[in-house]
Amino acid sequence: MNDTARSKPAAMAPSAPTRASIPVVRKHHVLVRLSHAWHVPLLLGLIVTGLAIYWAAPVFRHAPTAANPRGDYLADAGIALASVFGTQGNPSNWLYERVSLGPSHLARALRLHWLFAYLYMVCGAVYALGLLRGGGWRALLPRASDPAEALAMIRFYLGVIPHAIARRPWPHPPIAGKYNALQRGAYFTMPLVGLLAVLSGWAMHHPATLPWLERAFVNYDGARVVHFACMLVLGGFMIPHVILVAADGWDTFRAMVTGWSLRVRGTRHGG
Amino acid sequence: MAAERKRPPVNRPSPGEWLRRVASAAAERPEETFDAQPQWLTARSRRDFLLLGAGALATATIGWWLLPDRTKRLWLPGAHDRLDSLAARVGLTREQRERQLERVLTFDDDVAEVLYSKGRAVRTYDRPDPRPLRNNYHGRTPGPEHVVGWRLNLSGLASGRAESLGLETLMSRFARHDMNTRLVCVEGWSHVAAWGGLRFADLIAAFPPSPGARWAALRSEVSLDGRGQREPYYVSIDLETARHPQTLLATHHAGAPLTLAHGAPLRLLAPMKLGLKNIKALTNIAYTAAEPADYWNERGYSKYDGI
């Protein structure tokens, strides 16, 4: 393949190859891209096995009823969904059978959860290393201009659809860096939530061996509540994340696979 | 110029200057661009997407292999048999899966053992949870018959003899210890409960295990299955855990003698282990050199179970 193109831009200029070169922006370090891809099946595996573990002893419960003797809110949700979509099995297991390994799979779910948990920690370490090696961490740090910029972005997002319907122009607010303030806030928070999920997981796994960690979450049940909340936040983040990347276009998605983007700021070659 | 003269001669940055340096080191750099030929970009892009696709395919195959059969049937009712035989063709059989998952479990147990230090005390609490402690016998709760004339049978002792001790002997011969500790179930629930009883360590000191013994095989002969048939329950406990000062052979719960639901007349209380190791209605202790069988380990759970 063309080896000169792989080297730095300065080396390219004097050689002046016959075919026209185009400017490309370096985006994501290879370790960031790899861990980003691994994260998808790992998080899915953790949620699927985690809910099968949760099934054995739900944290969030109300007083027992005839249809739901354990008072498990997720069983209530299953009953409601089963009444809409139908089921051949036990309606209170509807949700557990579809978004988890299923009821009565505790031993299997625990083993798989630990497998995915160890891989998740490795994945997180690789991600952190990629941020450090590629300098990407600088683009994620909060800054003083964030609140104002975040409000401008929210205003922009709220106006997108009305302006599209009215066929009026609705310019994107100017962005000073790699990410806008909302992205920066999310991309800065998510790794911390992942870390919190890992810490609360260890607090539950070894509350007697790591009592200081258990105390950091008040007690054993506190760690379970935090762990569950982390799952909701990480899972909930993925939905707008995927929608917004899809809305932003092919270049953004490709940048997370290949590491480069054709959207160069201040040139005509913008994507 | 005047400002420059005011600076101290030693080049020590002021806190403000230091903060500015940190801020500029952490400030986002301008985006880095390079020039590339479109052909090179296309080739690179093709390679990276092919790698992504291959990775996604491999991940989906492994994910399928790891799923329980019931979930596969539910998700892909028509095709699960064919997909299973495809996975088996690349070596992803059910036997392989169990072997690999066993290794995960062993790895996790090894990590737990490295983290654990035998001298560390388990957290104790000022008062137990007010709710009643749940009876989590997986089968039926044994009836009261066995309590009359109950004896604890010891074997694998240094003396070479088998010992049989009544409850009165155990309670009068050994000091009573009380503690409020958290019982953590593998299912995920936990309960701070008040326990009283003798230290396992005291029993071991009075009836030393044979030299070379590293394990205690604890057994309840009176345990029942779900239909009320006799089904002995057994756990393995390493002797270091047994000798921990917070490992009790409990005779009391919540200030009263153990009820049948909680393992009358004597149960193990090892708060550094999951509840499933805390065997109820204990009848036999055998000291062994090799690790003895463990009821729940035979059913897919960890055998270390240290929390």
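Throughout, read-outs are computed from the coordinates displayed, never taken from laboratory work. Keep in mind it's a predicted model, so treat the numbers as computed, not measured. With ideal geometry, Cβ positions are generated from the backbone for all residues, glycine too; neighbour counts draw on all protein chains shown.
List, please: which pairs have Cβ atoms under 6 Å, are six or more places apart or on different chains, and start with a residue in the stretch A:45-61 that is at negative phi and end with one that is part of a loop (DSSP other than H, G, I, E, B) and of a type in the set (S, T, N, Q)?
If the second residue must be part of a loop (DSSP other than H, G, I, E, B) and of a type in the set (S, T, N, Q), the pairs left are A:VAL48/A:SER100; A:LEU51/A:SER100; A:ALA52/A:SER100.
Mind listing whichever residues of the stretch B:292-307 are more than 14 Å from chain A (Cβ to nearest Cβ) and under 17 Å from the mean Cα position of the chain (by Cα)?
Scanning the stretch B:292-307 gives a single hit, B:ALA293.
So, B:GLU102, is that one assigned to a helix (DSSP H, G or I) and in contact (Cβ under 8 Å) with a residue 24 or more places away in the chain or not?
For B:GLU102, the condition - assigned to a helix (DSSP H, G or I) and in contact (Cβ under 8 Å) with a residue 24 or more places away in the chain - is not met.
Return the residues of the stretch A:71-109 that are closer than 27 Å to B:LEU276 by Cα, in a loop (DSSP other than H, G, I, E, B) and away from every other protein chain (no Cβ under 11 Å); say none if nothing qualifies.
Across the stretch A:71-109, the qualifying residue is only A:GLY71.
Give the residue, chosen from A:ALA152, A:ALA125, A:ALA139, A:ALA186, that is of a type in the set (A, V, I, L, M, F, W, C), surrounded by 14 or more Cβ atoms within 10 Å (Cβ to Cβ), more than 14 Å from every other protein chain (Cβ to nearest Cβ) and within 22 Å of the chain's Cα centre (by Cα).
Just a single option satisfies the conditions, and that option is A:ALA186.
Within the stretch A:210-222, which residues are without any contact (Cβ under 8 Å) to a residue 60 or more places away in the chain, at the interface with chain B (Cβ under 10 Å from one of its Cβ atoms) and either buried (at least 20 other Cβ atoms within 10 Å of the Cβ) or assigned to a helix (DSSP H, G or I) (or both)?
If the condition is that a residue be without any contact (Cβ under 8 Å) to a residue 60 or more places away in the chain, at the interface with chain B (Cβ under 10 Å from one of its Cβ atoms) and either buried (at least 20 other Cβ atoms within 10 Å of the Cβ) or assigned to a helix (DSSP H, G or I) (or both), then A:PRO211, A:TRP212, A:GLU214, A:ARG215, A:TYR220 are the ones that fit.
In the stretch B:233-273, what count of residues is obtained for those that are touching a Leu at 6+ places or on another chain (Cβ under 7 Å), more than 20 Å from B:ARG173 (Cβ to Cβ) and surrounded by fewer than 22 Cβ atoms within 10 Å (Cβ to Cβ)?
Count: 1.
Which one of these does B:ALA256 not meet: (1) out of contact with any strand residue (DSSP E or B) (no Cβ under 8 Å at 6 or more places or on another chain); (2) within 14 Å of chain A (Cβ to nearest Cβ); (3) on the phi < 0 side of the Ramachandran plot?
(2)
Just give me the residues in the stretch A:20-37 being out of contact with any Asp or Glu (no Cβ under 6 Å at 6 or more places or on another chain), in a loop (DSSP other than H, G, I, E, B) and buried (at least 17 other Cβ atoms within 10 Å of the Cβ), in sequence order.
Residues of the stretch A:20-37 that are out of contact with any Asp or Glu (no Cβ under 6 Å at 6 or more places or on another chain), as a first pass: A:20, A:22, A:24, A:27-37.
Going one step further and asking which of them are in a loop (DSSP other than H, G, I, E, B), we end up with A:20, A:27-29.
Answer for the stretch A:20-37, where residues must be out of contact with any Asp or Glu (no Cβ under 6 Å at 6 or more places or on another chain), in a loop (DSSP other than H, G, I, E, B) and buried (at least 17 other Cβ atoms within 10 Å of the Cβ): A:LYS27, A:HIS28, A:HIS29.
Would you mind telling me which numbered condition in (1) within 10 Å of chain B (Cβ to nearest Cβ); (2) over 17 Å from the mean Cα position of the chain (by Cα); (3) outside any helix (DSSP H, G or I) A:LEU112 fails?
Of (1) within 10 Å of chain B (Cβ to nearest Cβ); (2) over 17 Å from the mean Cα position of the chain (by Cα); (3) outside any helix (DSSP H, G or I), only one is false for A:LEU112: (3).
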